[in-house]
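Every read-out reported here was derived from the displayed coordinates using simple, explicitly stated rules and does not represent laboratory data. The structure presented is a predicted model; accordingly, all values stated were derived computationally and were not measured. Cβ placement follows ideal geometry from the backbone for every residue including glycine, while neighbour counts extend to all protein chains displayed.
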Amino acid sequence: MADPKPLVALGDLTWDVLAKPNTLLLPGGDTTGRVLLMGGGSAANVAVWAARVGFPSSFIGEVGRDRFGEFAVQELAAEGVEPHIIWNSSNPTGVILVLIDAAGQRSMLTSQGADFDLRPEEVPVEVIQQAGHLHVTAWSLFTDPPRQAAFKAVHVARDAGLTISFDPASFQMIREIGREEFRRMTRDLSLDFVFPNLDEGQALTGAKEPRDVLEVLQKLYPEAMILLKLAADGALILDRGNLIELQATRDQPIDATGAGDSFGGAFLGHYLRSKDALAAGQLAVQVAGWVIGRFGARPPMDAEIRQRLERFGYAQLK
Ligand SMILES: Nc1ncnc2c1ncn2[C@@H]1O[C@H](COP(=O)(O)OP(=O)(O)OP(=O)(O)O)[C@@H](O)[C@H]1O
Ligand SMILES: O=C(O)C(=O)C[C@H](O)[C@H](O)CO
């Protein structure tokens, strides 16, 4: 069968600086460093995880013309994500400081750098027109010009018949933009998939209980599949009236950074091929559970994740 048209994620490609008190961090659990630097950015993470489950994927975003930018782009390419990069000579590559507590919960301080310079005229229209799916996050909606760039990308995608997914990214952002304004902006995007976590779902709807949140979200985005991520309580998917409940795995939480992005990327990578929301959701919780048991959003693949992917028929992956 011919390869499906790629997923293209538009938005942030950054470095995460991960720090956890009293823990020495290095990829693979080595103990020779105190702070771990790992590629991040929500949109880039989604592209990487879609690629890791074997779906053709690409990324559009802006990084500084600096060593961090070059390295971040090389990493994407090594993951099999096709980079479409706008190089910025006046603003550096974004850096996210991630503080992780003993329970694995994280808080972030973001310095978006070049991310927040992406202008509508820099969006490579033909890359979107040749793709099958566009993923955007609320990091692009916080300010102009990336907001206008994201709107342009969505309009191009709609005209070219792509499906579109959206991650609200942060409840603080919903609060800062304002619930009504955030709703207005995102309803205009005519989304096919919305991926909030519980905090974001609550901030968007004013409801408290997950099922109430889901119901209001479905009214706000009637055409979309809603995927409500509930951390240790798994996830709920509302697929046009059909409710799917997903149990979380029992992985020991080390660091929650990027759990939601890995969930989204793995889900999309599976679903866009299979159109099977249950199987894609089951894969997504396995992938996200593996991620929370390790540092960072894109820990190096190991035997454990390969085994999990093999159960879903991904035996051929590197
Ligand atoms: N403690 C946990 N135990 C098992 N699985 C978890 C745990 N925390 C998160 N997950 C898995 O990760 C998925 C996404 O987590 P969460 O609900 O925290 O999303 P998020 O807040 O978007 O994540 P992120 O930290 O990337 O912002 C969950 O649906 C679940 O499958
Ligand atoms: O601030 C951003 O742009 C982010 O996307 C933060 C991400 O969640 C973080 O980098 C996770 O890898």
Note on the chain: contact order normalised by length, alpha-carbon pairs under 8 Å, 6 or more apart, percent, works out to 18 percent
Residues W139, W290, W49 in order from fewest to most other beta-carbon atoms within 10 Å are W290, W139, W49
What number, rounded to the nearest 500 deg cm²/dmol, is the helix-based mean residue ellipticity at 222 nm of the chain, given -39500 (n - 2.57) per DSSP H run of at least four residues and division by all its residues? -11000 deg cm²/dmol
Subtract the Cα-Cα distance of T143 and Q252 from 0.36 nm times their separation in residues, and report this length gain in nm to one decimal. 35.6 nm
Can you work out the base-10 log of I(q)/I(0) for the range 129-215 at q = 0.14, 0.19, 0.20 1/Å, using the Debye formula on its C-alpha atoms alone? -0.47, -0.83, -0.90
Which order results if H270, H135, H155 are arranged by neighbouring Cβ count within 10 Å, fewest first? H155, H270, H135
Gyration tensor (alpha-carbon) shape descriptor, the range 38-188, a/c threshold 1.5: rounded
For the range 244-259, just list the computed ³J(HN,Hα) in residue order, Karplus coefficients 6.51, -1.76 and 1.60, θ = phi - 60°, integers in Hz, with x standing in for Gly and Pro. 10, 9, 10, 7, 6, 6, 9, 5, 6, x, 10, 7, 7, 3, x, 4
Note, ³J(HN,Hα) from phi for the range 303-312, Karplus 6.51, -1.76, 1.60, rounded to Hz, x at Gly and Pro: 4, 4, 5, 4, 4, 4, 5, 4, 4, 9
Sequence ranges 123-129, 298-304, ranked by mean other-Cβ count within 10 angstrom, highest first: 123-129, 298-304
For the range 95-143, what class follows from the C-alpha gyration tensor (a ≥ b ≥ c being the square roots of its eigenvalues): rounded when a/c is under 1.5, otherwise prolate if a/b is larger than b/c, else oblate? prolate
Summing +1 for each Lys or Arg and -1 for each Asp or Glu, what net charge is found among the other residues whose Cβ lies under 13 Å from the Cβ of W49? 0
Among 87-97, 4-14, the order from most to least packed when residues are scored by Cβ within 10 Å on average: 4-14, 87-97
Can you tell me what percent of all Cα-Cα pairs in the chain are more than 36 Å apart? 9 percent
Counting other C-beta atoms within 10 Å, which of V156, V53 has the fewest, and how do the rest follow? V156, V53
Rounded, prolate or oblate (a/c below 1.5 giving rounded, otherwise prolate when a/b exceeds b/c) for the range 164-246 by Cα gyration tensor: oblate
Any idea how many Lys pairs in the chain come in under 26 angstrom at the alpha carbon, given 8 or more places apart or on separate chains? 11
